[in-house]
Amino acid sequence: MTPPSLPRQAPPPDERSDASTPAEDRKHVVRRRWITAIIILLLVGVPAGYLAVSAQQSRQSGRDKAAKVGAAKVRGGWPSKVQRSIYEVPIPVKASRVGYLETNNWHTSRLYVQFGVTPQELDTFLTDVGTSREALTRGVSISPGDTTSAGWRWGPKGSWYGITLDAPDPRPTRDITVDLSHPGYPKVYVVSTAVP
């Protein structure tokens, strides 16, 4: 029995002797190579550049978060609008020397805030939190533990007045102390405590 005959296979491309296809001229070769190089650059370079930028942003974000989390005392800067809203601390827009610290654990979350205001801004702030200057009592209303956490000191030269504003959960309790030793430039210290 004779084996079936197989169809004839084409020779490998490098062994073809097809004279009908003309050789590519130098101009086309150069152009094709440039297009290939550009395509490779776009396919490799753009994603690599994106990854490098993304990695840098991620590193910077991590440093910023670590600085905030690692803060042990009140640092200069404004708390975010979300933080001010959650902790119900409406800092006046023109307040100066604003600083804050947020701490969180399983039981409580606290926002420590300090800022300087004009007498009118102090009255507006106290009205916004639901109290008034007349309701303040002589002395510091912030606990020694919170004072230590924030890095504050209540010197004997200060003219300290305070109030504690209790609120039912989940609203925060706010301890407010005002330094009126310079009547034209009061300083406000707030510890807002929220229980999740």
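Data for the structure
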read-out: Residue in segment 119-132 that is in contact with a strand residue (DSSP E or B) (Cβ under 6 Å, 6 or more places away or on another chain) and under 18 Å from HIS182 (Cβ atoms) present; value: no
read-out: Complete set of residues in segment 170-196 that are of a type in the set (Ser, Thr, Tyr), out of contact with any Pro (no Cβ under 9 Å at 6 or more places or on another chain) and modelled with pLDDT of 95 or more; value: THR173, THR177, TYR189
read-out: Among the residues listed as TRP106, TRP152, the single one being of a type in the set (Phe, Trp, Tyr) and out of contact with any strand residue (DSSP E or B) (no Cβ under 9 Å at 6 or more places or on another chain); value: TRP106
read-out: Unique residue being free of Cβ contacts under 8 Å to residues at least 12 places away in the same chain and either among the aliphatic types (A, V, I, L, M) or within 16 Å of VAL190 (Cα to Cα) (or both) when the list is SER143, SER85, SER109; value: SER85
read-out: Residue ID - farthest from GLY76 (Cα to Cα), chosen from residues in segment 170-193 that are open to solvent by 30 Å² or more (accessible area, probe 1.4 Å) and not in a loop (DSSP other than H, G, I, E, B); value: THR173
read-out: Which numbered condition VAL69 misses (of (1) open to solvent by less than 90 Å² (accessible area, probe 1.4 Å); (2) β-branched (Val, Ile, Thr); (3) at pLDDT below 85; (4) under 30 Å from ILE91 (Cα atoms)); value: (1)
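The values are calculated or read from the model by the stated rules, or taken from the named source; none is laboratory data. Note that this is a predicted model, so its numbers are computed, not measured. Neighbour counts are summed over all protein chains in view; Cβ atoms, including those assigned to glycine, are modelled from backbone coordinates with ideal geometry. Just the protein is used for accessible areas: all its heavy atoms, side chains included, with ligands, DNA and RNA removed. Shrake-Rupley method; radii C 1.70, N 1.55, O 1.52, S 1.80 Å.
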